[in-house]
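Colleague: Right, I'll just put the structure down here and ask away after.
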Amino acid sequence: MASQSYDVIVIGAGPGGYVAAIRASQLGLKVAIVEREHMGGICLNWGCIPTKALLRSSEVFHLMHRAKEFGLKADNIGYDLDAVVKRSRGVAKQLNSGVTHLMKKNKVTVVMGEATIPAKGKVSVKTDKGTEELTAKNIIVATGARARELPGLEADGKRVWTYKHALQPPHMPKKLLVIGSGAIGIEFASFYNTLGADTTVVEVMDRILPVEDAEISAFAKKAFEKQKMKIIQKGMVKKLDRSTDKVTAHIEVGGKVETQEFDTVISAVGIAGNTEGLGLEELGVKIDRTHVVTDEYCRTGVDGLYAIGDIAGAPWLAHKASHEGVMVAEMIAGEKVHPIKPETIAGCTYCHPQIASVGLTEAKAKERGHEVKVGRFQFIGNGKAIALGEQEGMVKTVFDAKTGELLGAHMIGAEVTELIQGYVIGQKLETTEQDLMETVFPHPTLSEMMHEAVLDAYGRVIHL
């Protein structure tokens with residue numbers, strides 16, 4: 001087959017890759033995208049989107065149980081797990097075909113197959129029909145990541161699952177062990193616990209959700225325990241003994257190993273970058289613990305070769321990948337760009353209650369030498385939260401005491417994943433406490449708590 005030449009070839013059609021392809025095409029470049037499995041990548045097909053669909057079902061189920069509180073009647077409440085999963089898969093399918101449509105609309109050539117980079121500016125794709133050779137001055141690697149597997153804790157799809165099995169469960173867990181309490185672990189623990197699984201979460205660090213502010217972690221632990229979840233911190237699952245209908249977990253806590261029996265285990269101990277088989281190292285790309293080493297502009301050090309998204313390291317978030325994709329496409333087109341600062345990227349966890357944060361935790365801010373002013377506001381003091389029946393939660397703000405710069409914001413409670421963006425925009429516009437205090441927040445809304453948490457940092461809180 002004759003070689004096909006492009007301005008840009010993107011490898012991987014997840015939220016980093018497909019967005020990079022669209023932006024490059026908008027800027028008048030000739031673009032091809034290579035994908036080996038699903039348009040939309042893990043995020044749309046096996047990650048962010050289908051998990052939110054599942055979690056929405058469990059949220060509605062939880063609310064149905066609370067019907068009486070709202071003066072409503074709901075009898076014989078139950079669920080059909082297959083139907084819940086079917087809805088989630090339908091949502092994923094709709095978005096997957098949406099990405100395919102976007103590629104067509106933006107005149108991006110899609111090549112389905114496995115890519116390698118045999119030399120600078122060359123991409124070889126193994127497709128169903130044979131091998132296609134593509135050339136381009138610029139190559140963007142956006143191959144994402146997969147679940148990290150620890151020796152002895154590998155998934156088998158029957159009793160021990162990764163996120164992929166948990167999204168299409170072969171059975172409903174009765175007694176569930178979740179290893180790891182990052183966003184993925186906690187979201188699945190929350191989903192299955194709400195549907196009635198007796199759930200235990202084991203976290204190796206000294207607190208669950210270890211990247212969050214310590215106060216938020218503590219609040220979350222209390223909320224989960226109230227929902228009858230068992231939380232083991234500073235614990236390590238040493239090994240799993242598997243039989244056909246159960247798994248015996250050896251859990252080490254405080255130097256002692258105890259065994260517990262479960263019928264299902266979900267391993268959520270982080271991710272590993274998909275760097276193998278591309279030929280990156282042969283080209284001179286540096287790889288550190290399964291991730292490609294790049295500068296702040298996603299350049300790999302090899303001329304015309306960029307890496308974006310999960311493969312280029314933390315934070316492992318779809319929205320970070322998309323923004324890097326846009327930045328790299330604009331850079332290739334000769335536009336002036338700004339690098340993305342990790343601390344300006346918000347993280348959202350869709351457990352119940354929701355968790356969202358941006359910027360520095362209180363501990364990190366102090367570690368970096370800031371003198372801080374901290375404000376807090378509880379959901380119980382907000383009219384809208386009480387009207388919604390969502391009185392559990394808090395908003396916390398961290399400011400630099402000298403300059404009034406908003407260093408970080410941390411929230412737990414209903415709809416905080418939607419609220420966080422207010423602080424994100426504020427930070428982007430280099431807001432000070434003064435700007436935020438002078439902003440009029442509409443009433444009655446949950447967003448008023450964002451105002452009050454700022455006022456509280458400066459001793460001016462109204463409703464507390």
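Colleague: Per residue of region 392-403, in order, report the coupling 6.51 cos²θ - 1.76 cosθ + 1.60 (Karplus, θ = phi - 60°) as ³J(HN,Hα) in whole Hz, putting x for Gly and Pro.
Modeller: 9, x, 7, 10, 10, 10, 10, 10, 7, 4, 7, 9
Colleague: May I ask for the Rg/Rh ratio of region 222-312, computed from Cα atoms with Rh as the Kirkwood radius, given to two decimals? Mind dumping the intermediate values first?
Modeller: Values: Rg = 20.3 Å, Rh = 17.0 Å.
Over the Cα atoms of region 222-312, Rg/Rh equals 1.20.
Colleague: Then there is this: Among the aspartates and glutamates, which fall within straight-line cross-link reach of LYS384, defined as a Cα-Cα distance under 20 Å, with same-chain neighbours fewer than 8 residues apart omitted?
Modeller: GLU59, GLU69, GLU392, GLU415, GLU418, GLU448, GLU452, ASP456
Colleague: Apply the Karplus parameterisation 6.51 cos²θ - 1.76 cosθ + 1.60, with θ equal to phi minus 60°, to every residue of region 25-37 and state each ³J(HN,Hα) to the nearest whole Hz, in sequence, with x for glycine and proline.
Modeller: With the stated coefficients, region 25-37 comes to 5, 4, 8, x, 8, 8, 10, 10, 10, 10, 9, 8, 9 Hz.
Colleague: For a protection proxy built on the mean count of beta-carbon atoms within 10 angstrom, sort 135-143, 168-176 highest first, please.
Modeller: 135-143, 168-176
Colleague: Against the 2.2 N^0.38 Å scaling, with N counting residues, where does the chain land? I'd like the Cα-based Rg ratio to two decimal places. Walk me through the numbers before you get to the answer.
Modeller: Numbers: Rg = 23.5 Å, N = 464, 2.2 N^0.38 = 22.7 Å.
Computed over Cα atoms of the chain, the ratio equals 1.04.
Colleague: Full-extension gain between ASP288 and HIS443, please, as 0.36 nm times their residue separation minus the C-alpha to C-alpha distance.
Modeller: Numbers: separation 155, 0.36 × 155 = 55.80 nm, distance 4.93 nm.
That pair, ASP288 and HIS443, stretches by 50.9 nm at full extension.
Colleague: Once R0 is set to 35 Å, what does the formula 1/(1 + (r/R0)^6) return for the Cβ-Cβ distance between PHE70 and GLU261, expressed as a FRET efficiency to the nearest 0.05? Don't skip to the answer; put the middle values down first.
Modeller: On the way: r = 39 Å, r/R0 = 1.10.
FRET efficiency, PHE70 to GLU261: 0.35.
Colleague: Determine the per residue accessible area of region 61-134 with all protein chains present and a 1.4 angstrom probe, expressed in square angstrom.
Modeller: Using a 1.4 Å probe on heavy atoms only, each residue of region 61-134 averages 69 Å².
Colleague: Need the C-alpha centroid separation for region 111-173 versus region 197-276, integer Å.
Modeller: Using only Cα atoms to place each centre, the spacing works out to 27 Å.
Colleague: Using 0.36 nm per residue of separation minus the Cα-Cα distance, give me the extension gain between ASP198 and ARG242 in nm, one decimal. Don't jump to the answer; show the numbers that get you there.
Modeller: Details: separation 44, 0.36 × 44 = 15.84 nm, distance 1.88 nm.
Contour length minus Cα-Cα distance gives 14.0 nm.
Colleague: Okay, moving on. For VAL123, what charge total do you get from the other residues with a beta carbon under 9 Å from its beta carbon, if Lys and Arg give +1 and Asp and Glu give -1? Let's see the in-between values first.
Modeller: On the way: positive: LYS122; negative: GLU132, GLU133.
Neighbour charge sum, excluding VAL123 itself: -1.
Colleague: Read phi for every residue in region 225-237 and hand back ³J(HN,Hα) as whole Hz from Karplus 6.51 cos²θ - 1.76 cosθ + 1.60, θ = phi - 60°, with x for Gly and Pro.
Modeller: 5, 4, 8, 6, 7, 9, 10, 10, 9, 6, x, 9, 7
Colleague: Of the heavy-atom accessible surface of region 8-108 (probe 1.4 angstrom), what whole percent is carbon and sulfur?
Modeller: Numbers: 2860 of 5180 Å².
C and S fraction of accessible area: 55 percent.
Colleague: Taking the Cα atoms of region 318-434 alone, what are Rg (to one decimal) and Dmax (as a whole number) in Å?
Modeller: Answer for region 318-434, Rg first and Dmax second: 16.3, 52 Å.
Colleague: First compute the accessible area of region 131-207 with a 1.4 Å probe, then give the percent of it belonging to carbon and sulfur atoms.
Modeller: Working: 1530 of 2850 Å².
Summing carbon and sulfur atoms, their accessible area is 54 percent of the total for region 131-207.
Colleague: Hey, another quick one. When the helix-only estimate is applied to the chain (DSSP H runs of n ≥ 4, each -39,500 (n - 2.57), divided by the residue count), what is the mean residue ellipticity at 222 nm, nearest 500 deg cm²/dmol?
Modeller: Numbers: 14 runs with 149 residues, N = 464.
Counting only the DSSP helices, I get -9500 deg cm²/dmol.
Colleague: So what's the Cα pair-distance distribution over region 392-464, bin width 10 Å, in %?
Modeller: 19, 60, 21, 0
Colleague: Strictly over 21 Å apart at the Cα level, which of LYS52/LYS104; LYS320/LYS396; LYS234/LYS396; LYS30/LYS122; LYS174/LYS226 would you flag in this model? Please report the intermediate quantities before stating the final value.
Modeller: Details: LYS52/LYS104 27 Å; LYS320/LYS396 23 Å; LYS234/LYS396 25 Å; LYS30/LYS122 15 Å; LYS174/LYS226 19 Å.
The pairs that break the limit, which is 21 Å between Cα atoms, are LYS52/LYS104; LYS320/LYS396; LYS234/LYS396.
Colleague: Would you mind checking the pairs LYS93/LYS158; LYS336/LYS366; LYS107/LYS428; LYS164/LYS222; LYS286/LYS341; LYS93/LYS221 and listing those with alpha carbons more than 31 angstrom apart? Spell out each step's value before the answer.
Modeller: Details: LYS93/LYS158 24 Å; LYS336/LYS366 34 Å; LYS107/LYS428 33 Å; LYS164/LYS222 28 Å; LYS286/LYS341 21 Å; LYS93/LYS221 34 Å.
Check vs 31 Å cut-off fails for LYS336/LYS366; LYS107/LYS428; LYS93/LYS221.
The values are calculated or read from the model by the stated rules, or taken from the named source; none is laboratory data. Bear in mind that the values here come from a model prediction, so they are computed numbers and not experimental data. All Cβ positions, glycine included, derive from the backbone under ideal geometry; neighbour counts span all protein chains shown. Surface areas here come from the heavy atoms of the whole protein model, side chains and all, with no ligands, DNA or RNA. Shrake-Rupley method; radii C 1.70, N 1.55, O 1.52, S 1.80 Å.
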